[in-house]
1. For a quick check of your reading of the model, give me the residue pairs whose first member lies in the range 726-748 and is among the hydroxyl-bearing types (Ser, Thr, Tyr), whose second is crowded, with 24+ Cβ neighbours inside 10 Å and at pLDDT 95 or above, with beta-carbon atoms closer than 8 Å and at least 6 apart or on different chains.
2. Give me a count of the residues in the range 211-220 that are surrounded by 12 or more Cβ atoms within 10 Å (Cβ to Cβ) and free of Cβ contacts under 8 Å to residues at least 12 places away in the same chain.
3. Check every one of the strands (runs of 3 or more DSSP E) wholly within the range 645-697 and list those with 3 or more residues that are of a type in the set (A, V, I, L, M).
4. Could you go through the range 376-395 and let me know if any residue there is in contact with a helix residue (DSSP H, G or I) (Cβ under 6 Å, 6 or more places away or on another chain), within 22 Å of Pro266 (Cβ to Cβ), open to solvent by 40 Å² or more (accessible area, probe 1.4 Å) and not β-branched (Val, Ile, Thr).
5. Quick check on my filter: what residues within the range 178-203 are open to solvent by 30 Å² or more (accessible area, probe 1.4 Å) and within 16 Å of Leu115 (Cβ to Cβ)?
6. Working carefully through the options Pro294, Pro282, find the one that is within 18 Å of Ala451 (Cβ to Cβ), modelled with pLDDT under 90 and not in a helix (DSSP H, G or I).
7. Which of (1) open to solvent by less than 10 Å² (accessible area, probe 1.4 Å); (2) part of a helix (DSSP H, G or I); (3) farther than 17 Å from Trp624 by Cα is the odd one out, the single condition Ser552 does not satisfy?
8. Which condition breaks for Gly109 when tested against (1) touching a residue at least 60 places away in the same chain (Cβ under 8 Å); (2) open to solvent by 60 Å² or more (accessible area, probe 1.4 Å); (3) within 20 Å of the chain's Cα centre (by Cα)?
Amino acid sequence: MIPRERLLRLAPILLGFALLVAFFAPTLDPGVQLYYRDTGRLYYPVKLFIAEQLRGGHLPFWDPLTECGVSLLGQVTPALLHPATLLYLAFPFDLAFKLNHLLGPLLAGIGVYRLARRLGATSWASLAGAIAYAGCGYVISVTGSNLPYSLGAGSVPVAVDAVLGFVDAPSLKRFTWAGLAVALIAYAGEPQAMLIAGLVSGAWALALAVPDRRRMGRNLGLVAGCGAIALAFSAPAVFPAVAELRRSNRGDPLKGRDRTAFANHPFRLAGLLVPRAFDDAPEVVDEGVSTPSPYTEYLTEADAAFADSIVIGAPALLLAAAGAFVRRKGTLLFSGAILLALASTGTAFGIDRILFGAVPLAGIFRFAEKLTGPASLLFALAAALGADLALGGTRRAAFRLGLAAALLAAVAAGLAVIVGRNAPHLAQLLMPQGKSHRLLFATTFLREARAGLFDCAELTLVVALVALWRWARQQPATPLGAVCCAASVFASCGGLLYSAPVAVVRGPFDLAERLQARAGPSPDRWRIFVNDKDPLRLGGLSARASVTASMSQALLPQFNAVAGIEGMAPYFTASDPGYTRGIIATPRTFFNLFGVRFVVDMPGAFSDRTARERNFHKVGFGYWVGEYALHPRAFVVGRASRVAGIDEGLAQLTAPGFDVRHEAVIRGPGAPPSVEGNPSAAEWQRTAPGRMSVRAQGPGLLVIGEHFDSGWRATIDGRPAPVVEADLAALGVLLPPSPVTVELRFVPAGLLPGIAVALAAIASLLLARWGRRKWVPVG
C-alpha cells in the first residue's frame, strides 16, 4: 500500500494522467477512428501499410501502393524509425493508431511539467502548466489532423528540458540523453520542430547566463554540442530526407503564397483567448449550405492554417499574465510567448523572417503557423509561475488576478451581448472579409463568436472566484488553478479530436470493389489515377466526417492504399517535380508508362457529353471512370537520349509521334548521351516491396514503370549497374547485348551513411565513457 504522504506527492501526476485518459476516452471506442484531414487521408493508410509489413517481417523502406512507389524515409513524415512504430507490433492496428496519436499530448504534458519544476514551480502549479499546453488548441488540433505535428509539438518541451539539464550540470549521461531527446523529434517526422527545440533551448540558455558573457558563450556552446550530437543520432532519418527534399518541390525556399497559406491571420490571434469563432469553420454552416472549401476560416482570404484551433483559454492566459510578474524569468516567458504568437502570422508582420532569417535551412520550412506551438508552450510555463504567485503566494497577487479576471469576464459577456443584439448589422460589415463574402458565413461567425465569448466569460468568472476565495480565506488554491485549466481544455478543445465510424477510413469502399471485380487484384498488375478534386458529399454522417467519407469512397490518395490498390496520383510531403509535371503535361504517356488501368474523376467534373467523348462511364455513386489499355510493367526500348532538365525532357515526351514503349529520355548520373538497341518485352516480378527482378534481352534500355528514386540499386547477373531516371519519373537500366537477369533493390539514399554517422557518434560516447572510467583515480 502506498503511504499517504507519497500518494499526496504523486496526486498531481496521477490527476494529470487521469485527465488525459478521460479526454481521449471517447476516441478509444473500438467502433470509431480518428479521421480528420491528413490523419485519415495520409497517415492512416501509410501506418496501415507499415503495420502490415512489420507483421510480415519486413521493414518497409519502399511503399509501392503510393505514387507508383515512394520512399517512406525520404518522405520524412511516416516516422518509420520512431520508437512509436513498435506500437503497431504490440497492439491491433486501429488501437495502435490511436495510441500513436495520444503520445503527442502525453509527451507535451510530461515535458512542460518537468520544465515548470525546473523553473521552481510547485507540483500543482506545474500540473496547471502541463494541462494548459498538452490540452491547448494547437496541440489537440494537430493531434487530430496531423500526427507528425503532434509528436513534434509534444516532443519539443521534453527535448528542451533534456538540453537544459545538460547545460545546468554537464555530464556524459545528460549529454547523451539531450542528443537522443532532440533526435527523436526528427525520427517523429518533424525536423522543423527539432529546429524550434534547438532555438528555444538556445534562447533559454542565454537568458540563464545574462549578463555574464563568458557564461553565455559557454551555454551556447553546450546547446550547440547537443544539437550536433542530435544530428548525428538522427542521421539515419535526416540523411534520406535531405536526399529526397533536394530533388523535390520542397528543395527551394517557400514562395510568398506558401508562407501565407501556412500562417495565422492576425485576427485569428484573438482565438488564443476566445474559442470557436477563430477556429476552422465547420463544413456546413446551415442546412444544405456548404462553405467554399472543406478547410477554411472566416476571416482570411488564403487557405486555412493547419491547426483547427489555437485556443489556450482564459484561465491559462490570466495565470500567464500573472506569471509575467514573477521576476525576470516570468517576464521573459510571457514576452517570448507574445513575440512567437505575433510571428505565427507570417508575412502579416514579418517577425518570423526576422527570428529565423539567419538560421540555416529555415527558408524551406513552413514555419509561421507552427510557431503557435512554442508560443503556447511559453504561455503555459508562465501560467505555472502565475499559479504559484497568485493562488499560492501573496494575497495581493491573488486580489489582482481576481480583479483582472472579473473585469475580463464582464468585458467578454458584454461583447457577447453586443454581438447578439447587433448581429444583422455586424454581419453586413463582415461580409467583405474572408474568401466567401456570403452573408450566411458572416452570420455564422458572429454566432460562434457570441458563444465563444460567453464560454470565455464563464471560465474567466471561475478563475475570478478562485482567486478571490484565495484572497479572502488565505488558503492555498494552486490545485484549483490546475482544475480551471482542465475545465478550459474540456470546454474549448473537447470536440477537436474528430472521430467517425471505422468504416469511414477502413472501408469497404464501393468503387474499389467494383474496379477489382472488373480487373482483378491490383498489386503488381494495375494502378489507378484519381483526379484530386472535391468529391461528392455523402450523407448520413457529420459534416466533417462526410468530407472524409467522400474522399475515401472516391479512393482519393492515399485511400487507394487502404483498399489494396496501387495508386498514381501524388499526395505526399515531398513531391517529385518531374513526376507531377509529367502527369499534367502528358497524362496518357504516363498512364501507359506506369500501368494505369483506371482513371477516376468526380461526378461534377464534366458533363455527360464530355464523358462520352472521353469514353468515361458512371460507376457507383456517380464517379466518372475511364478504362485504359494495360501494358507490361517493364519493357526494353530501342532508343534513348539524355536530357539536361525537366523542361527539355517534357518537350521530347510531348512531341508528336513519341512512343514511350519504343523510345525514352534519360537523365542523372550514369546516363549516357544516347542508347541504341532493340525494343523487346521483359518479364518482371516484385519479390518484396523494395525488391524487383526482371528478365530481359539487350541491347537497349530497360524501363520499369516504378517511380524513380536515387535509392534504387541494380545488378545485372550479379554485377552492379547504374540506375538512371527514364522519362523523368521511371527506372531505367542500360542492358548489354545479351539475355540478362536484372535484380533491383531499394536502399534509401543516405541511409547507410546516416547509420555510419550514428554508430560513430555512439562509439565516440562509449569510448569517452570508457576513457573516463579508466583514468578516474580509485580510492
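1. Final answer for the pair search is Thr741/Val694.
2. Residues flagged as surrounded by 12 or more Cβ atoms within 10 Å (Cβ to Cβ) and free of Cβ contacts under 8 Å to residues at least 12 places away in the same chain within the range 211-220 amount to 4.
3. Values: elements: 663-667, 674-676, 680-688, 691-697.
Correct list: 663-667, 680-688, 691-697.
4. no
5. Once the filter is applied, which keeps residues that are open to solvent by 30 Å² or more (accessible area, probe 1.4 Å) and within 16 Å of Leu115 (Cβ to Cβ), the range 178-203 yields Gly198, Leu199, Ala203.
6. Exactly one residue qualifies, and that residue is Pro282.
7. Single failed check for Ser552: (3).
8. The failed condition is (2).
The values are calculated or read from the model by the stated rules, or taken from the named source; none is laboratory data. Here the structure is a predicted model, which is why all the values come from computation and not from measurement. Here Cβ is always computed from backbone atoms with ideal geometry, including for glycine, and neighbour counts include all displayed protein chains. Side chains are part of the model used for accessible areas, which takes the heavy atoms of the whole protein and leaves out ligands, DNA and RNA. Shrake-Rupley method; radii C 1.70, N 1.55, O 1.52, S 1.80 Å.
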